[in-house]
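Participant: Shown below is the structure under consideration.
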Amino acid sequence: MKARYGYIGRMLFVNLSDGITRTEDLSEDLAKAFIGGYGIGSRIIYSRMKAGVDPLGPENIFALGTGPLTLAGTLSTCRFTAMGKSPLTGYWGDANSGGNFAIALKASGYDLVFFEGKAEHPVYLVITNGKPEIKDARNLWGLDPARTEEMIREENPGWDYKIVSIGIAGEKRVRLAAVINDKGRAAARSGLGAVMGSKNLKAVACYGYQRPGIFDKERVKRLVASITSDMQNTPGPMLGVLLHGGTASAMTPHFLDHDVPIKNWAGNNVEDFPREKWEKVGWESLEKYAAERYACVDCQIACGGWMRVDTGKYAVKRAHKPEYESLAVFGPNLLNDNTESLIYANELCNSYGLDTIGVGGTIALAFDCYESGILTNKDTGGLELKWGNADAVIELIHKIARREGIGDVLAEGAKIAAEKFGGGAEQLAIHVGGQLIPMHDPRRAAGWGAVYVSDPSPATHTRGGTQFAETGMANPDIWEPLGVPIHMDKYNPEGKGKYQAIMSGWQHLMNCSGVCIFAADGLNFRWIELMEAITGWDLNVENLKRTGQRIGTMLHLFNLREGFKLSDFTMPERARGNPPLTAGPIKGVTLDFEDLKRQYFEAMGFDFAAGKFRKERLEALGLQDIA
Ligand code: SF4
C-alpha cells in the first residue's frame, strides 16, 4: 500500500546518462520501517547500487530526501538530507541542511529523488508540481550557488523555486564540497557536493503545491500550540543560547570546559588560546556585524542571520552568520582571533560550496605541516602557513576550491593530503576514516568520540550518543522514557555502549523525520505524538527503538558490503589525548575509544569473530533479506 499520511507517497528516479525519469510509489511498509531521509534513502540505494563503485563515478547514486514531518504543519521541520557513497570515506555519506528547500522538494510531488548515471554536459533538474525536466546548465557552470539560484529563477519565471546547487568546489570534485541551498546554507559533510559535480548535476530546483495527507490535523494543531507555549513560557538552556545569537553564542560556554579544539587539537585554551581571545571568536564580537536575523521555514527559534562587514580586507556586503563549528575551525583551531576573517572565510566557503569543518581541519593540517617543516614555502607557493595567519587561511580556501597549487592536494581532504605529504603528516591529520572531526572535543565528553568512530558516516556531530548525559544537556523528557540515564560520568565507559545504541537510534529517527536537531533537543517537541497525529501509526517507545536501530544497522550494512572493518574508523592519537594536554580543563586526559566502539557494536548485535551482524539481530529488525 502506498504511504498516505505524512508522505506524498512518490519517489523520483533520474537517470542522468539517458535523461529518463521515472516515478515509483513509496510504500507504507517502507516508510514505517525506515521513516524517511537517509533511512529510506539508504534502503533504496543499497538495493539498487552495486558494491565497490567509485563514489565519483556514474554508478554512485546520489539522493535528496525529506521526512514525514516535512510540510506537515509542524514547526522547525525544515531539514532535507543529501546522501550517497562518500568520496571522503568511501563508505556511507549523508548530510542535512535547513532553510526552505525541504518543503519545496516535497511540495513538488516527491518524498525523495534519486540520481544515477552522469549527464553528458552540465544540467539541472527542475521539478514543477510533479513534472520533472532536465535542463541545460552549461551557462551556470562556474557560478556560485547564490548566482546559480538567481539565474535558475530568471530562466524559469512565474514560480518561486527553491534550489540546491553546487559551487566551483563541487564542479571540480573537491572531496570537501558541500550541497548548498538558500544561497549559503549547507548540507556540508561527506563530500556530497563532489558527487553532484561528478554527475554534471549543477542544481535541483523545486516548486509545487502538493501536500501530504495528515491523519489528524486538529491534533497536530493542538500539539504545535502546546510546543510553542512551552517554548515561550519555559525555554530550556539550549533554547536560551539559540535565541540569543544562534550557535555562535555557545562559543564561550564551550571554551569553559574545553569543547573547542585549539591549534589542530594539540593546544589548550589556557596557554595557546587564552581567555582574552575567546570573545573575539564568539557572538560577543560577531554581534556588531549582525544585519538581520532569519529563520528556516516554520521555525520560531530563528537562529540564523545575515552579517555585514563594511570596510577592510575582509569586507563583505551580505554573509550568513557563521555557526559555532565554522568559527571554531577557522578560529581557535588555527589560532586565528581575527573576527572579520571568520565571517569572510565562512562566506567564502558558502560561495565556493565547501564544508567549513572539512576545509578548516584540512587547512589546520597544512599549517601544522608548515610549522613542523614537513611543508616549505616551495610547497605552498610562498604562502606562510603560520598559526594565526588569517590571510593564509583565506588564500588556502581559494586554492582548495579552485584546486590551485597546494590546494589541489588539500582538496582531496586531510587523509589523502597527509599521505601525499609524508614525513609524519599522517599524525597531524585529525580525521576519522577521511572525514575531518567536528568541533566537539571527545576528550571533554567521551560520548562524542564514541559517535565519531562508530557511526557509519564517521566524525559527525549530528548523531546521537551519550555525550549530552555527560555534559548535563540531556533532555529528561526524551531520555527517561527511552530508559537512558540523564547523567553519566564522562570518563567511566562502563555500560555506555547500550545507551549509545539507543540514543543513536533515536537521533536517526529525528534526522530521518526532517526535524531540526535544535528543536528536537531544545524544545519539548513531542515527536512521538506528532508522528502519530501525522501518520496515523500506533507508535511506542519499544518499536521506535527498533526502528531507529534498524536505520543505523542499514547504514552499517551498506558499509560492510563495501568491505568495512571496525579498524577503518579510529580516533587520531591527538584527539584521544595521546600525548595528553599539559594545561587547561582537559589536562592529562587520555581515552580509549576502541572500547566504547566495541561496546556499541556489541549492543547493536555485531558478531566480532564473523565480522557481521548476528542473524537473530537482523531478523529482529526485519533485515534478514539483506543479511
Ligand atoms: S533552530 Fe535554527 S537551524 Fe533549526 S530550524 Fe530553527 S532556524 Fe533553522
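The values are calculated or read from the model by the stated rules, or taken from the named source; none is laboratory data. Bear in mind the structure is a predicted one, so any value in this text is a computation, not a measurement. As a convention, Cβ positions derive from the backbone with ideal geometry for all residues, glycine included, and neighbour counts pool all protein chains shown. Heavy atoms of the whole protein, side chains included, go into the accessibility calculation; ligands, DNA and RNA do not. Shrake-Rupley method; radii C 1.70, N 1.55, O 1.52, S 1.80 Å.
Participant: Please give the number of the condition Glu480 fails out of (1) open to solvent by 30 Å² or more (accessible area, probe 1.4 Å); (2) in contact (Cβ under 8 Å) with a residue 12 or more places away in the chain.
Facilitator: (2)
Participant: Just to be sure before I move on: is Asn377 in contact (Cβ under 8 Å) with a residue 40 or more places away in the chain and either aromatic (Phe, Trp, Tyr) or more than 16 Å from the ligand (Cβ to nearest atom) (or both) in the structure I sent? Spell out how you get there, then give the answer.
Facilitator: Values: in contact (Cβ under 8 Å) with a residue 40 or more places away in the chain: no; either aromatic (Phe, Trp, Tyr) or more than 16 Å from the ligand (Cβ to nearest atom) (or both): yes.
No, not satisfied.
Participant: Same structure, new question: Restricting attention to the stretch 65-123, and to residues there that are closer than 18 Å to Met510 by Cβ and polar (S, T, N, Q), which single residue is nearest to the chain's Cα centre (by Cα)?
Facilitator: Filtering the stretch 65-123 for residues that are closer than 18 Å to Met510 by Cβ and polar (S, T, N, Q), the one nearest to the chain's Cα centre (by Cα) comes out as Asn96.
Participant: Considering only the stretch 561-609, how many residues are in contact with a strand residue (DSSP E or B) (Cβ under 6 Å, 6 or more places away or on another chain) and either buried (at least 21 other Cβ atoms within 10 Å of the Cβ) or hydrophobic (A, V, I, L, M, F, W, C) (or both)? Spell out how you get there, then give the answer.
Facilitator: Filtering the stretch 561-609 for residues in contact with a strand residue (DSSP E or B) (Cβ under 6 Å, 6 or more places away or on another chain) gives 569, 605-606.
Filter once more, so that each one left must be either buried (at least 21 other Cβ atoms within 10 Å of the Cβ) or hydrophobic (A, V, I, L, M, F, W, C) (or both): 569, 606.
Here the count works out to 2.
Participant: Also, I was wondering about something else. From Gly407, Gly382, Gly413, grab the single residue that is modelled with pLDDT of 95 or more and open to solvent by 10 Å² or more (accessible area, probe 1.4 Å). Give the steps one after another, and end with the answer.
Facilitator: Details: Gly407 fails: open to solvent by 10 Å² or more (accessible area, probe 1.4 Å); Gly413 fails: open to solvent by 10 Å² or more (accessible area, probe 1.4 Å).
One residue alone meets the criteria, Gly382.
Participant: State all residues of the stretch 36-81 that are in contact with a Gly (Cβ under 7 Å, 6 or more places away or on another chain), under 12 Å from Ile103 (Cα atoms) and of a type in the set (Gly, Ala, Ser); if no residue qualifies, say none.
Facilitator: Of everything in the stretch 36-81, those that are in contact with a Gly (Cβ under 7 Å, 6 or more places away or on another chain), under 12 Å from Ile103 (Cα atoms) and of a type in the set (Gly, Ala, Ser) turn out to be Gly65, Gly67, Ala72.
Participant: Now a separate question. Out of the residues in the stretch 256-292 meeting the condition of being within 13 Å of Arg443 (Cα to Cα) and of a type in the set (A, V, I, L, M, F, W, C), tell me which one is most open to solvent (accessible area, probe 1.4 Å).
Facilitator: My answer is Ala266.
Participant: Please verify whether the stretch 335-345 includes one or more residues that are within 18 Å of Val179 (Cα to Cα), within 20 Å of the chain's Cα centre (by Cα) and open to solvent by 10 Å² or more (accessible area, probe 1.4 Å).
Facilitator: no
Per-residue answers, yes or no, for (1) over 27 Å from Gly536 (Cα atoms); (2) within 16 Å of the ligand (Cβ to nearest atom); (3) at pLDDT 95 or above; (4) small (Gly, Ala, Ser):
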{"residue": "Asp94", "(1), (2), (3), (4)": "yes, no, yes, no"}
{"residue": "Gly98", "(1), (2), (3), (4)": "no, yes, yes, yes"}
{"residue": "Ser108", "(1), (2), (3), (4)": "no, no, yes, yes"}
{"residue": "Leu112", "(1), (2), (3), (4)": "no, no, yes, no"}
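Participant: For the stretch 93-107, what are the residues that are open to solvent by 10 Å² or more (accessible area, probe 1.4 Å) and either part of a loop (DSSP other than H, G, I, E, B) or among the polar types (S, T, N, Q) (or both)?
Facilitator: Asn96, Asn100
Participant: Can you tell me which residue among Ala319, Ala401, Ala392 is modelled with pLDDT of 95 or more, open to solvent by less than 10 Å² (accessible area, probe 1.4 Å) and farther than 29 Å from Lys202 by Cβ?
Facilitator: One residue alone meets the criteria, Ala392.
Participant: Return the only residue of Met503, Met510, Met488, Met473 being free of Cβ contacts under 8 Å to residues at least 60 places away in the same chain and within 16 Å of the ligand (Cβ to nearest atom). Show your work before the answer.
Facilitator: Working: Met503 fails: within 16 Å of the ligand (Cβ to nearest atom); Met488 fails: within 16 Å of the ligand (Cβ to nearest atom); Met473 fails: free of Cβ contacts under 8 Å to residues at least 60 places away in the same chain.
Result: Met510 is the single residue among Met503, Met510, Met488, Met473 that is free of Cβ contacts under 8 Å to residues at least 60 places away in the same chain and within 16 Å of the ligand (Cβ to nearest atom).
Table: residues versus (1) modelled with pLDDT of 95 or more; (2) within 16 Å of the ligand (Cβ to nearest atom).
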| residue | (1), (2) |
| --- | --- |
| Val515 | yes, yes |
| Gly522 | no, yes |
| Trp537 | yes, no |
| Val541 | yes, no |
| Ile551 | yes, no |
| Leu557 | yes, no |
| Glu562 | yes, no |
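Participant: May I ask you to say which residue of Asp337, Asp379 is closer than 22 Å to Phe421 by Cβ and acidic (Asp, Glu)?
Facilitator: Of Asp337, Asp379, the one residue that is closer than 22 Å to Phe421 by Cβ and acidic (Asp, Glu) is Asp379.
Participant: Is it the case that Leu56 is touching a residue at least 24 places away in the same chain (Cβ under 8 Å), surrounded by 18 or more Cβ atoms within 10 Å (Cβ to Cβ) and within 30 Å of Ala411 (Cβ to Cβ)?
Facilitator: So Leu56 does not fit the description; no.
Participant: Scan the stretch 114-156 residue by residue and report those that are in a loop (DSSP other than H, G, I, E, B) and either at pLDDT below 95 or in contact with a Pro (Cβ under 8 Å, 6 or more places away or on another chain) (or both).
Facilitator: Taking the stretch 114-156 as the starting set, the residues that turn out to be in a loop (DSSP other than H, G, I, E, B) are 117-122, 129-130, 137-144, 156.
Gly117, Lys118, Ala137, Arg138, Leu140, Trp141, listed by residue number.
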